[in-house]
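The values are calculated or read from the model by the stated rules, or taken from the named source; none is laboratory data. This structure is a prediction, so every number in the text was calculated from the model and none was measured. Here the Cβ positions follow ideal geometry from the backbone for every residue, glycine too, while neighbour counts run over all protein chains shown.
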């Protein structure tokens, strides 16, 4: 069966149907990630058409850039894109489109699931509310969401949540449906509930999580943390996540298209991974951060928050975590991955190959939307970092 056979016909043939049971499995995800709105309840993130910010084109030959892959073999950017189950690939250099490519029926105006790149949007919204004095990163989360008092979050601060240093019993194992992230997936409605013990809804699920270890001791990547952050953002702002994102970032940023986010059956946003945006608008979000949070002289994400993100990550906590191999000098701060390298690279990453990548030293932003067969493919992820690094080196003045 080829990807183009999925969901064709009225109705589609049984083996070609994309459903809640299979949309995160290959090859069904190749259709599912482009059509989440046809599978799940969603909320629209509205653009402001009169404020759309055009991206100029300044084509460059990136395809032929050569680099050493993670296993030492020679590779080109064109091979990286071809081998990476790429749906969309765009590179901005000094804010202009150097290359823009689409595959797998993705269109420039079609939103694509971001998976955990969504977390970086939540982190940036938090920064806006922190600057306004609505949020205090050092305050206990239970002061805002008392419903989680008996859970692992009962004595955690918002800073622990933002930086993924909550001491919590949580396995982020995408292949095990009985792991905590597997139960979360069912609670948010991305899988059918298999029994009555599965928490009914995202917020119920968060209240069931148990502590393990000390808060702040180590980086422990937990998608539930961002789900709690999404709840915090809605509670303190009085707006839904979609409305808040539209008003504070999407419209002032000059997004070209509407976005949307999936919801659980009770309307809670899937802030850890449910945002769906077009490729160009994902690049615009990266460019916004490259420009210090401002567009056309208007400050959108506080510059002080971006500086905090880039300079105040805890490398000691990071080194006790799971991703030190990729970025030994790295950290995780405010829902962004910080490389600690000489270019000051930082990024948002999502499973199955979603990326927004910011290289301040080179003036480069890269966005890639993908449908890797595996949720976590270490070889492809490591090759991606090698290739993106090579692009940044190529255009560093």
Would you please list the contacts, defined by Cβ atoms under 9 Å and residues six or more apart or on different chains, that run from a residue in region 198-220 that is without any contact (Cβ under 8 Å) to a residue 60 or more places away in the chain and on the phi > 0 side of the Ramachandran plot to a residue that is surrounded by fewer than 15 Cβ atoms within 10 Å (Cβ to Cβ) and in a loop (DSSP other than H, G, I, E, B)?
213/169
Pull up region 375-391, narrow it to residues that are touching a residue at least 60 places away in the same chain (Cβ under 8 Å) and assigned to a loop (DSSP other than H, G, I, E, B), then point me to the one that is surrounded by the most Cβ atoms within 10 Å (Cβ to Cβ).
375
Listed by first then second residue, the pairs whose first member lies in region 348-359 and is modelled with pLDDT under 95, whose partner is crowded, with 24+ Cβ neighbours inside 10 Å and in a strand (DSSP E or B), with beta carbons under 7 Å and at least 6 positions apart or on separate chains, are none
Can you tell which of 166, 161, 130 is surrounded by fewer than 20 Cβ atoms within 10 Å (Cβ to Cβ), in contact with a helix residue (DSSP H, G or I) (Cβ under 8 Å, 6 or more places away or on another chain) and on the phi < 0 side of the Ramachandran plot?
130
Residues satisfying the stated conditions in region 263-275, i.e. surrounded by fewer than 24 Cβ atoms within 10 Å (Cβ to Cβ) and either in contact with a strand residue (DSSP E or B) (Cβ under 9 Å, 6 or more places away or on another chain) or closer than 14 Å to residue 106 by Cβ (or both)
263, 267
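When only residues in region 294-326 that are part of a loop (DSSP other than H, G, I, E, B) and free of Cβ contacts under 8 Å to residues at least 24 places away in the same chain count, which is surrounded by the fewest Cβ atoms within 10 Å (Cβ to Cβ)? I'd like the intermediate steps shown before the answer.
Here is the first cut: in region 294-326, the residues part of a loop (DSSP other than H, G, I, E, B) are 296-297, 300-302, 312-314, 320-326.
From the residues that got through so far, the ones that are free of Cβ contacts under 8 Å to residues at least 24 places away in the same chain too are 297, 312, 324-325.
Details: 297: 5, 312: 12, 324: 14, 325: 8.
Looking at the filtered set, the residue picked out is 297.
Per-residue answers, yes or no, for (1) surrounded by 12 or more Cβ atoms within 10 Å (Cβ to Cβ); (2) more than 21 Å from the chain's Cα centre (by Cα); (3) modelled with pLDDT of 95 or more; (4) closer than 28 Å to residue 266 by Cα:
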| site | (1), (2), (3), (4) |
| --- | --- |
| 9 | no, yes, no, no |
| 12 | yes, yes, no, no |
| 32 | yes, no, yes, yes |
| 35 | yes, no, yes, yes |
| 39 | yes, no, yes, yes |
| 42 | yes, no, yes, yes |
If a residue must be modelled with pLDDT of 95 or more and assigned to a loop (DSSP other than H, G, I, E, B), how many such residues does region 62-72 contain?
4
When you look at residue 330, is it surrounded by 22 or more Cβ atoms within 10 Å (Cβ to Cβ), touching a strand residue (DSSP E or B) at 6+ places or on another chain (Cβ under 8 Å) and modelled with pLDDT of 95 or more, yes or no?
yes
Report the residue count in region 330-339 for those that are part of a loop (DSSP other than H, G, I, E, B), without any contact (Cβ under 8 Å) to a residue 60 or more places away in the chain and either in contact with a helix residue (DSSP H, G or I) (Cβ under 7 Å, 6 or more places away or on another chain) or farther than 23 Å from residue 216 by Cβ (or both).
1
What is the residue count in region 357-370 for residues that are surrounded by 24 or more Cβ atoms within 10 Å (Cβ to Cβ) and either over 16 Å from residue 80 (Cα atoms) or over 14 Å from the mean Cα position of the chain (by Cα) (or both)?
4
Looking only at residues that are out of contact with any strand residue (DSSP E or B) (no Cβ under 8 Å at 6 or more places or on another chain) and under 17 Å from residue 45 (Cβ atoms) in region 79-127, which one is surrounded by the fewest Cβ atoms within 10 Å (Cβ to Cβ)?
109
Test residue 85 against the criterion of being in contact (Cβ under 8 Å) with a residue 40 or more places away in the chain, within 22 Å of the chain's Cα centre (by Cα) and at positive phi, and give yes or no.
yes
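Quick one: would you say residue 92 is more than 22 Å from residue 56 (Cα to Cα) and touching a helix residue (DSSP H, G or I) at 6+ places or on another chain (Cβ under 7 Å)? Before you say what the answer is, go through the steps one by one.
Working: more than 22 Å from residue 56 (Cα to Cα): no; touching a helix residue (DSSP H, G or I) at 6+ places or on another chain (Cβ under 7 Å): yes.
Answer is no for this residue.
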State all residues of region 28-80 that are free of Cβ contacts under 8 Å to residues at least 60 places away in the same chain and in contact with a helix residue (DSSP H, G or I) (Cβ under 6 Å, 6 or more places away or on another chain); if no residue qualifies, say none.
63
